[in-house]
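**Q** Have a look at this one.
Nothing in this text is a laboratory measurement; each read-out follows from the coordinates by a stated rule. The structure displayed is predicted, hence computed values, not measured ones. Neighbour counts run over all protein chains shown; Cβ positions are idealised from the backbone, glycine included.
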Amino acid sequence: MNIDFFEGNDDAQEKRLLEDAFKQTISAMDGSKGQIFEIYENTKADVESTRVMLKELKEQTRKYQDEVDELVRQEQKEKKKLVQVSSNFSNYSEERIKASYEAVKSVQVKLAVAKEKEYQARRQRDRLELRMASMEKTLYMAESLATKLGSVISYLTSQMSDVVTQMEIASKNKFLGIQIIKAQEAERLRVSREIHDGPAQEMGNLIYQSSI
């Protein structure tokens with residue numbers, strides 16, 4: 001079996017293994033890039049929906065704040081009326097005095113409910129803002145990572161052809177070196193045969209004739 005056949009097969013196998021390794025690496029990186037892009041798209045959608053929710057929640061919080069401010073003013077007003085009625089107790093009927101107390105109590109109940117709504121709205125708004133900031137950070141990181149990974153994949157893909165070319169050049173140089181060595185060996189054998197068939201035989205004949 002010719003040794004060139006095995007050497008050629010070894011080079012081809014090394015080239016094929018290297019190409020397979022490159023392809024597997026790029027395929028894995030492409031898969032990771034796809035997952036990162038999916039995370040980016042999902043996070044982007046969440047950010048958009050959260051931004052809408054946050055806007056609505058801020059508007060609702062402002063409404064609750066306005067409602068609390070208005071009820072505070074009403075409470076102050078009703079309290080003044082109650083003070084006036086209480087200071088002139090003899091000038092007002094029992095029903096009028098009771099109505100003043102009920103008015104203050106009613107406003108205070110409404111104010112307590114409004115304050116609780118405002119508190120819950122502000123709390124939810126603050127949590128949503130923190131979540132929004134976290135998602136925006138994740139979105140930025142996913143976008144940045146996907147961009148960098150894309151650059152690496154492009155670089156490796158472009159370099160793959162250069163590596164294969166270098167391997168082909170190295171393989172050709174190796175083959176050429178083997179051919180040179182074989183040519184030298186063939187030339188050495190040819191010279192040996194010529195020496196054996198020419199001057200060596202003549203020298204042998206000369207020695208033989210001399211001995212005769």
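**Q** Return the sequence-ordered ³J(HN,Hα) values of segment 96-106 in whole Hz as given by the Karplus equation 6.51 cos²θ - 1.76 cosθ + 1.60 applied to θ = phi - 60°, using x for Gly and Pro.
**A** 5, 5, 4, 5, 5, 5, 5, 5, 5, 5, 4
**Q** Got a sec? Which residues in segment 121-155 would a label at residue 65 touch, if it sits 7 Å along Cα→Cβ and we count backbone N under 13 Å?
**A** Correct set: 121-123, 125-126.
**Q** Report the per residue volume, in Å³, of the convex hull enclosing the C-alpha atoms of segment 92-147.
**A** Taking only Cα atoms, segment 92-147 has a hull volume of 44 Å³ per residue.
**Q** Apply the Karplus curve 6.51 cos²θ - 1.76 cosθ + 1.60, θ = phi - 60°, to the phi angles in segment 39-44 and return the couplings in whole Hz, x for Gly and Pro.
**A** Result, ordered by residue: 4, 4, 5, 5, 5, 4 Hz.
**Q** Let me ask another. Give me the net charge of residue 148's neighbourhood, meaning all other residues with Cβ under 15 Å from the Cβ of residue 148; Lys, Arg count +1, Asp, Glu -1.
**A** Surrounding charge for residue 148 is -1.
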